[in-house]
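Each value in this text was obtained by applying a stated rule to the coordinates, not by laboratory testing. Keep in mind that this is a model prediction, so the values were computed, not measured. Counting neighbours? That spans all protein chains shown, and the Cβs are built from the backbone with ideal geometry, glycine included.
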């Protein structure tokens, strides 16, 4: 009997390898280093290269694989089998099922397929659940990016604050140097006492120390910024700071409005809501364990045995058979596993609901903190500006009085230190106000910009 084309195809499927090996060449991505390290470029570079963000992207990729597999679970499974056996003594021929007492060489070939037709909507719900988890993982990527944006912004503004601190320290040191030179000349002329010269010299040395400290604080903050950007050790880095006006005015948004906008924008809120939906689907999946499962099966098989006189090809043709089956599995007792699964799913739903409530409370805490800090910094900045301007006038008058001998050294140094303190306080409140205003804007979906 002629071997049919269909049966030849059946043998070809068995012979072909079932697995396909893919070789993927991986190359390290080249980091695009900006030429100017302003805040915008720093944020973009950090988002692209930060390890935490990259890990979140990998988690998303893994979720996408799981979602694709969940969708593919609707497809039938197909497997091939082949076996070769040698039997001695009395046995049943594996091909003809005859009872024989001789040595048997046999070859068996098979192709089997199965498909789940119904399982209590378990497969559909699992696909929906993995779809939600994929959407959630995308939100986690956004959350990781938001986190690094805020960290870079805070580090950048802190560095800018220390940069202005260096300028203040330099100006203060310059004034101390002029006072020291002037007092030294007055001392040589016999106009001031040695103690006055010593006090001025001590202040001059103290201001030199303050300048070194200010430069070190700035260098440490730049290092923090470098680490956030994941820069290589040999990579040169110097932040490019904009000119920020001292009289900068911002309109602080209403707290409740900012909170409502944040609930609509921030990814952690949407992610917590998706967790609730995924937990509800998990409950449906658990309940499907109580329902029957209906499966469709099909198979092709053939074989060769040495007990028959026919050739190998003829036997494969003669022994070829087909099988179609329906299988119904009805759960009766599962050692209470289904009950445990439903109870666990119920707990997961309650936990997801608590996480959702906690996420909203955390967002409100952030908004409340940023709002109060911005309001406080705005009032402190206005007061600090008045204090700084008054301290500057007082110090300038003290210098003039000291030059003509109407003010002693102690009072001059007091006025100088009060002016320095007022400058530092003003700069601190200025950048605190900018930071928390930017946070309030960002929580509502507005981009960070100076």
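Here the residues 380, 362, ranked from fewest to most Cβ neighbours within 10 Å of their Cβ, fall in the order 362, 380.
Mind ranking 142-153, 99-110, 233-244, 427-438 by how tightly packed they are, going by the mean number of other C-beta atoms within 10 angstrom, highest first?
On the way: 142-153: 19.0, 99-110: 15.4, 233-244: 10.5, 427-438: 21.2.
Order by mean packing, descending: 427-438, 142-153, 99-110, 233-244.
Entry note: the stretch 310-380 has Rg to Rh equal to 1.66, where both radii use alpha-carbon atoms and Rh is the Kirkwood radius.
In the chain, the longest principal axis of the Cα atoms and the axis of helix 122-188 are about 20 degrees apart. With a Förster radius of 30 Å applied to the beta-carbon distance between residue 401 and residue 421, the computed FRET efficiency rounds to 0.90. Helix 51-72 and the longest principal axis of the C-alpha atoms of the chain enclose an angle of approximately 20°.
What is the distance in Å between the Cα centres of the stretch 262-300 and the stretch 393-450? That distance is 58 Å. Determine the gain in length on full extension of the stretch residue 340-residue 48; use 0.36 nm per residue of separation and subtract their C-alpha separation, reporting nm with one decimal. Extra length from residue 340 to residue 48 when fully extended: 100.8 nm.
Write down the Å³ per residue value for the convex hull defined by the alpha carbon atoms of the chain. Mind dumping the intermediate values first?
Numbers: hull volume 112.3 nm³, N = 450.
Measuring per residue, one finds 249 Å³ for the Cα hull of the chain.
Between the helical axis of 255-265 and the longest alpha-carbon principal axis of the chain there is an angle of about 30 degrees. Per residue, the average separation of C-alpha pairs within less than 8 Å and at least 6 apart gives the chain a relative contact order of 22 percent.
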